[in-house]
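**Q** Sharing a structure, written as C-alpha cells. Questions coming.
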Amino acid sequence: MTSSVDAAGTAIQTAGLTKRFGKRAAIDSVDLQVPRGSAFGFLGPNGAGKTTMIRMLLGLTQASSGSMSVLGHPVPSERAAALARVGAIVEEPRFHPQLTGRENLRVVAAVRGPETHERIGPALQRVGLSDRADEKVKKYSLGMRQRLGVARCLLADPLLLILDEPTNGLDPGGIQEFREMVHAMVEQEGRTVFISSHLLDEVEKICDHAAIVDRGKIITQGAIAELAEGSTQHELIVGADDLDRALLVLDGCPQAKQARRSEGNLQVVLSVGDDSSAPECAAAINSALVAAGLAVFRLEPVRQSLEQRFLEVTSRLSDTPAEEVTA
Amino acid sequence: MNATIAAQMTGADILKLRKKRGILIWSLVLALGPILIYFIAAVIEHASNPGKYGPAGGTQNFSDGLRVVALFFGPLAALLIGVEGGTGDASAGVFRDLVVTGRSRLALFGSRVPAALAVNFVMMIGAYVLLLIGTFAFAANLPTPSVSLILNGLGFTLLATGMLCVVAVGLASLTTSKPAAIIALIAWQIVASPLLASINGLGKVREGLMSQATAHFSPVHVGEGGHGASVTLSGGTAFIVLLAWVVVFLALGAWRTRTMDA
C-alpha cells in the first residue's frame with residue numbers, strides 16, 4: 001500500500017535509497033513518502049535499518065545510491081537548507097555532561113544562529129525542564145535527557161522532527177506526556193513528526209501514518225487505519241457454554257482455520273478468501289455451533305491491530321515457530 | 001556563516017572547555033605548578049645558603065623559568081587543552097547533534113581551534129604572570145628583564161604552547177580518541193622529538209622538527225640538544241616549518257571531521 005502524496009506535500013521523500021555496508025544492504029532501494037503535517041511511524045524490528053535510514057536523511061552517513069529530499073530540499077546537495085528547520089534525536093540523546101541543560105542548549109543555539117537563543121527558555125518550559133535547567137546534565141535521568149533532547153529539537157522551530165526511539169527510558173507518565181506533546185505539535189502547530197520505533201503499540205497510539213520496514217526494505221506504508229485494515233487475517237471471538245465441545249465442532253468446520261482458548265472465550269481465525277466473505281464465515285460458524293447444541297452468547301470480530309499487520313508482513317512471523325505465534 | 005555565528009560557536013567551544021574541570025585542573029597544575037615549585041625551591045636554597053645560592057629572581061632565573069613554562073610543562077598543558085578541544089564533541093557523543101543542525105562540518109571543526117587557543121593562552125598568561133612575579137619579587141640586587149625581553153618572552157610562550165595546542169586539536173580530531181592523541185603527543189613531545197633533535201647524524205632533517213623551529217624564536221638561550229636548539233635555522237625556514245606543522249595537522253583534522261560518520 002502506498003500513499004499517493006505529491007512531492008510538495010511530503011516532508012520526506014526518498015527514491016531507490018540504498019545504503020550498503022560491504023555486501024550487506026542495510027537499506028535496500030527504499031521509496032518513502034512522509035506527508036507533511038503527519039505523525040509518521042517508521043516501524044520495524046531491531047536491526048531493520050531504521051536508524052541507518054535516519055542517519056542518511058540527516059547527512060550523518062552517505063547513501064550508497066538513490067535520492068532523498070527533506071522539506072523539499074534535496075539531500076545532501078542542499079543539506080544546510082533542508083536541516084535548518086529540522087530537529088532530530090538520533091538513538092539516545094547525548095549531551096556534554098559537564099554542562100547544565102541550559103548550557104547544552106546554548107551550545108546548539110550558537111551553532112544554529114543568533115535568533116535561536118530566544119527559543120531556549122520556551123523550549124525548556126515546553127518540556128517541563130525549566131526548574132532543572134541549571135543543573136548539570138550528568139545528574140539528569142534518562143527521561144530528563146529525552147526531554148532535553150526534545151527541547152534541543154525545538155530550538156530549530158522545526159517543521160519536521162525526526163525522533164529515533166523517543167520513548168526509550170520514559171516512565172508511563174512521561175510516555176503519556178510525550179504522546180500529548182506529539183499530538184499538539186502535529187494537530188495544533190502543523191509540524192511533521194517522524195518517529196522510528198519497534199514499539200507497535202506506541203506507533204499506533206501516537207502516529208496517523210506509518211511505514212513498516214524489515215531487513216532494509218519498506219514492506220508497506222500509508223495511514224495507520226489503512227495499514228491495519230490491510231491485514232489478510234480475520235478473527236472472531238466466540239463465547240459458548242462448553243468451550244471444549246465448541247473446539248471439537250470448530251475442528252470439523254471448514255470456515256474455521258484455527259481456534260484457541262483466549263480469556264474464557266475462543267479466538268477463531270476465519271478461512272476467508274476476501275473481506276466480504278468474513279460475515280458469511282462467522283454466520284456459518286455460529287450455525288455449526290448452534291446445530292451442535294451449544295449455547296452461543298458472543299460473536300465478535302477482532303479489531304485488526306497494527307501489531308497483527310506487522311507480524312504478518314515482517315520476517316518475524318517466518319522466523320518464529322508457528323505454535324508461538326498462535327499461543 | 002557570518003562573524004557573529006563564528007564568534008558564538010567559538011564562545012560555545014570555550015564554554016565546553018572551561019567547564020571540563022578535570023582537564024582544566026591538570027592543565028593548571030602543569031602550567032603553574034612547576035613555576036611555583038621552581039621559585040619555592042630557589043627561595044629556600046637562597047635562604048638556607050645565600051653564599052652558594054643567589055636570589056630566586058632576576059633575569060637568569062627568568063630565563064630558566066621561561067624554559068620551564070614555554071618548552072617543558074606549558075606544552076603539556078597545551079596539548080591536554082588541544083586534545084579536549086579536538087575530541088570533546090565526539091567523545092560526549094554530541095557531534096552528530098551539531099551536524100544535524102545543517103551547519104558545515106568544517107565550521108564545526110574551525111571553531112575548535114580558536115577556542116582551544118583562547119583557553120590555552122589564558123592559562124599560559126597566568127603562568128607567565130606568576131613567572132614575572134617571582135622574577136621581580138625575589139630579584140633582590142640582581143638585574144631584572146627589560147620590557148622588551150618580557151614581551152618577547154610572552155610571545156615565545158604563546159607561540160610554543162599555541163603551536164602544540166593547534167597540532168593537538170588537529171591530531172585529536174583526526175583520531176577522535178582522547179587517550180590515543182594524548183599518548184601520541186606526549187610520546188612525541190617528551191621522548192621522540194628531543195631524541196631526534198639530539199641525533200647529529202640526522203643533520204638538516206632536524207630542521208623539520210617543530211621544537212627546533214620554535215626554539216629559533218626564543219628570546220633566551222635554550223641550550224643545545226633535547227628540548228634545546230640543536231640546529232640553526234633562518235627565520236624564514238623556522239616560520240615555514242611551523243606553518244607546515246599547523247597546516248598539515250589542521251588539514252588532517254578537518255578532513256576527518258568532514259568525512260567521518262557522525
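**Q** Please go through (1) buried (at least 20 other Cβ atoms within 10 Å of the Cβ); (2) within 24 Å of A:Leu83 (Cα to Cα) for A:Val137 and return the number of the only condition it doesn't satisfy.
**A** (2)
**Q** Scanning segment B:56-94 for residues that are within 14 Å of chain A (Cβ to nearest Cβ) and in a helix (DSSP H, G or I), which turns out surrounded by the most Cβ atoms within 10 Å (Cβ to Cβ)? Give the derivation first.
**A** Applying the first criterion (within 14 Å of chain A (Cβ to nearest Cβ)) to segment B:56-94 yields B:84-85, B:87-94.
With in a helix (DSSP H, G or I) added as a condition, the list becomes B:84-85, B:87-92.
Working: B:Glu84: 26, B:Gly85: 31, B:Thr87: 26, B:Gly88: 23, B:Asp89: 26, B:Ala90: 20, B:Ser91: 17, B:Ala92: 19.
For segment B:56-94, the residue satisfying everything is B:Gly85.
**Q** Which residues, counting only those in segment A:76-103, are over 20 Å from the mean Cα position of the chain (by Cα), facing chain B (nearest Cβ under 10 Å) and not in a loop (DSSP other than H, G, I, E, B)?
**A** Step one: list which residues in segment A:76-103 are over 20 Å from the mean Cα position of the chain (by Cα), which gives A:76-85, A:94-103.
Those left that are additionally facing chain B (nearest Cβ under 10 Å): A:78-85, A:94-100, A:103.
Listed by number, the residues that qualify are A:Arg79, A:Ala80, A:Ala81, A:Ala82, A:Leu83, A:Thr100, A:Glu103.
**Q** Could you list, in sequence order, all residues of segment A:124-154 that are of a type in the set (D, E, K, R) and without any contact (Cβ under 8 Å) to a residue 40 or more places away in the chain? Outline the logic, then answer.
**A** In the first step, residues of segment A:124-154 are kept if they are of a type in the set (D, E, K, R); the result is A:126, A:131-132, A:134-136, A:138-139, A:145, A:147, A:152.
A:Asp131, A:Arg132, A:Asp134, A:Glu135, A:Lys136, A:Lys139, A:Arg147, listed by residue number.
**Q** Related question: Restrict the check to segment B:45-53 and report whether at least one residue is within 14 Å of chain A (Cβ to nearest Cβ), part of a helix (DSSP H, G or I), on the phi < 0 side of the Ramachandran plot and in contact (Cβ under 8 Å) with a residue 24 or more places away in the chain.
**A** Checking segment B:45-53: not a single residue is within 14 Å of chain A (Cβ to nearest Cβ), part of a helix (DSSP H, G or I), on the phi < 0 side of the Ramachandran plot and in contact (Cβ under 8 Å) with a residue 24 or more places away in the chain.
**Q** Condition first: touching a residue at least 40 places away in the same chain (Cβ under 8 Å), over 18 Å from the mean Cα position of the chain (by Cα) and surrounded by fewer than 22 Cβ atoms within 10 Å (Cβ to Cβ). Now tell me which residues in segment A:155-174 satisfy that. It would help to see each step written out before you state the result.
**A** Quick first cut of segment A:155-174, residues touching a residue at least 40 places away in the same chain (Cβ under 8 Å) only: A:155-166, A:168-169.
This time we only want the ones that are over 18 Å from the mean Cα position of the chain (by Cα), so: A:155-159.
Matches in segment A:155-174: A:Asp157, A:Pro158, A:Leu159.
**Q** Failed condition for A:Arg55, given (1) crowded, with 20+ Cβ neighbours inside 10 Å; (2) part of a loop (DSSP other than H, G, I, E, B); (3) at pLDDT below 95; (4) at the interface with another protein chain (Cβ under 9 Å from one of its Cβ atoms), with all others met?
**A** (2)
**Q** For the list (1) at the interface with chain B (Cβ under 9 Å from one of its Cβ atoms); (2) without any contact (Cβ under 8 Å) to a residue 24 or more places away in the chain, I need the number of the one condition that A:Leu60 fails.
**A** Of (1) at the interface with chain B (Cβ under 9 Å from one of its Cβ atoms); (2) without any contact (Cβ under 8 Å) to a residue 24 or more places away in the chain, only one is false for A:Leu60: (2).
**Q** Restrict the check to segment B:187-198 and report whether at least one residue is touching a residue at least 40 places away in the same chain (Cβ under 8 Å) and not in a helix (DSSP H, G or I).
**A** Scanning segment B:187-198, I find no residue that is touching a residue at least 40 places away in the same chain (Cβ under 8 Å) and not in a helix (DSSP H, G or I), so the answer is no.
**Q** Taking only segment B:221-245 into account, find how many residues are surrounded by fewer than 17 Cβ atoms within 10 Å (Cβ to Cβ), modelled with pLDDT of 80 or more and farther than 23 Å from B:Thr59 by Cβ.
**A** Of the residues in that region, 8 qualify.
**Q** Next up: Just give me the residues in segment A:104-122 being closer than 24 Å to B:Ser104 by Cβ and either more than 10 Å from every other protein chain (Cβ to nearest Cβ) or without any contact (Cβ under 8 Å) to a residue 12 or more places away in the chain (or both), in sequence order.
**A** Residues of segment A:104-122 that are closer than 24 Å to B:Ser104 by Cβ, as a first pass: A:104-120.
Within segment A:104-122, A:Leu105, A:Val107, A:Ala110, A:Val111, A:Gly113, A:Pro114, A:Glu115, A:His117, A:Glu118, A:Arg119, A:Ile120 qualify.
**Q** Residues in segment B:95-146 that are within 13 Å of chain A (Cβ to nearest Cβ), part of a loop (DSSP other than H, G, I, E, B) and at pLDDT below 95: how many?
**A** Qualifying residue count, segment B:95-146: 5.
The values are calculated or read from the model by the stated rules, or taken from the named source; none is laboratory data. None of the values given here were measured: they were computed from a predicted structure. Neighbour counts run over all protein chains shown; Cβ positions are idealised from the backbone, glycine included.
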